[in-house]
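Colleague: Attaching a single structure in structure tokens format; questions to follow.
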Amino acid sequence: MAVKLKHPEYLEQAEAMLMVPDYLQYRLTGVMAQEYTEATTGQLISPITKDWDYELIDMLGFPRKIFQKVNKPGTTLGNLKPEIAKEVGFDLEVMQIGSHDTASAVLAVPANDDDFMYISSGTWSLMGVEAAEANCSMKSRAANMTNEGGYNYRFRFLKNIMGLWMIQSVRHETGDAYSFAQLCEMAEEAKDFPSRVDCNDNCFLAPKNMTEEVKDYCRRTGQQVPETIGEVATVVYASLADCYAKTVAEMEDITGRTYGRIHIVGGGSNAGYLNQLTANACKRNVYAGPTEGTAIGNLTAQMLKAKEFSTVEEARDNIFKSFGVKEYKPQ
């Protein structure tokens, strides 16, 4: 839409539109196709047909011809182009995996029932549930939930939460003087510090200085202002855990059911202090790991295609056994 409004001549000349993962695979194979999980993030895929919503596309005035065939993860595109194979010295089969990073991360969640919520935890926290059908209710819209595609046409019904961007920024502002493990230790030492912030407030999206923004938020809201790095860190971690608990309540209200536990995958699953705070705030057992969720989900899709696993359930059982998943109980 930005191109149509600002550079309509580009859209008039365009023969095809590809998302970045699709473009990379096109350069490898010469085949233009779009992968379902990535395509859904553009909001032009029908949750019913799992294909482009051409009625909506027509209403927005986009040319139909630029939208390529949508394939689900596990589809083989072809082999490397001859010139690529010659340059790298070998040939191989190129297939589409869940090319949206969260789609692959969720495939790596080591759970096989429907009694869990997940958090794909990194710079951002994507918190949600797996569902067979999209939830397009006005209630979900009001809560800022979204439906994104997952492996085998499952839906990732989730909410985007600020995540560890805040603590990453605080760390950079110390000149990276502390490891994330050290920040967790310092936060735990200051665990009785009472102030909290709304992690989803726009003021934390791109402040000039995150540490000062946290302090200023506390000052503006009449709370005790953190002074030490440990106090700032405990405000961030405890506020994230509170945000997760609020999202659990929203998700259960919208879906009309409860969820017994939470699985955390991604780099944030290493933050033991935050995992414990999450268990405490959400009043549920938390299972942390695997850390490299996106990479493992990518490999899992390939192994399913190669018949190394016969089902997603079998794959997830093996992930649980293979990567040292750690349990945190509410205290």
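Colleague: Picking from Arg171, Arg156, which residue would you name as being among the basic types (Lys, Arg), touching a residue at least 12 places away in the same chain (Cβ under 8 Å), surrounded by 15 or more Cβ atoms within 10 Å (Cβ to Cβ) and in contact with a Gly (Cβ under 7 Å, 6 or more places away or on another chain)?
Modeller: Arg156
Colleague: Further question on the same structure: Mind checking which residues of region 52-73 are among the aromatic types (Phe, Trp, Tyr), free of Cβ contacts under 8 Å to residues at least 40 places away in the same chain and surrounded by 15 or more Cβ atoms within 10 Å (Cβ to Cβ)?
Modeller: The one that is among the aromatic types (Phe, Trp, Tyr), free of Cβ contacts under 8 Å to residues at least 40 places away in the same chain and surrounded by 15 or more Cβ atoms within 10 Å (Cβ to Cβ): Trp52.
Colleague: Inside region 74-118, can you point out the residues that are free of Cβ contacts under 8 Å to residues at least 12 places away in the same chain and not assigned by TED's automatic domain parsing to the domain that holds Tyr259?
Modeller: Pro82, Glu83, Ala85, Lys86, Glu87, Val88, Gly89, Phe90 - these are the residues of region 74-118 that are free of Cβ contacts under 8 Å to residues at least 12 places away in the same chain and not assigned by TED's automatic domain parsing to the domain that holds Tyr259.
Colleague: Oh, and also: Quick check: anything in region 109-128 over 30 Å from Gln276 (Cβ atoms), in contact with a strand residue (DSSP E or B) (Cβ under 7 Å, 6 or more places away or on another chain) and of a type in the set (Gly, Ala, Ser)?
Modeller: no
Colleague: What number of residues within region 200-252 are basic (Lys, Arg) and at pLDDT below 95?
Modeller: 0
Colleague: Let me ask you something else. When the residues of region 22-76 are filtered to those that are under 30 Å from Lys86 (Cβ atoms) and part of a strand (DSSP E or B), which remaining residue is nearest to the chain's Cα centre (by Cα)?
Modeller: Glu35
Colleague: Strands (runs of 3 or more DSSP E) wholly in region 104-184 with at least 2 residues that are farther than 22 Å from Val286 by Cα - which ones?
Modeller: Passing ranges, in order: 145-149.
Colleague: Counting just the residues of region 1-21 that are within 24 Å of the chain's Cα centre (by Cα) and part of a helix (DSSP H, G or I), which one comes out surrounded by the most Cβ atoms within 10 Å (Cβ to Cβ)?
Modeller: Only one residue fits best here, namely Pro21.
Colleague: Sticking with this structure for a sec: Can you go through Thr49, Thr76 and tell me which one is of a type in the set (S, T, N, Q), closer than 18 Å to Gln302 by Cα and surrounded by fewer than 18 Cβ atoms within 10 Å (Cβ to Cβ)?
Modeller: Thr76
Colleague: Here is a follow-up. Tally the residues that are exposed (fewer than 14 other Cβ atoms within 10 Å of the Cβ), in a loop (DSSP other than H, G, I, E, B) and not acidic (Asp, Glu), restricting the search to region 192-203.
Modeller: The number of residues fulfilling the criteria is 1.
The values are calculated or read from the model by the stated rules, or taken from the named source; none is laboratory data. Keep in mind the model is a prediction, meaning the values are calculated, not measured. Because the Cβ atoms are built from the backbone with ideal geometry, glycine has one as well, and the counts that use them run over all protein chains shown.
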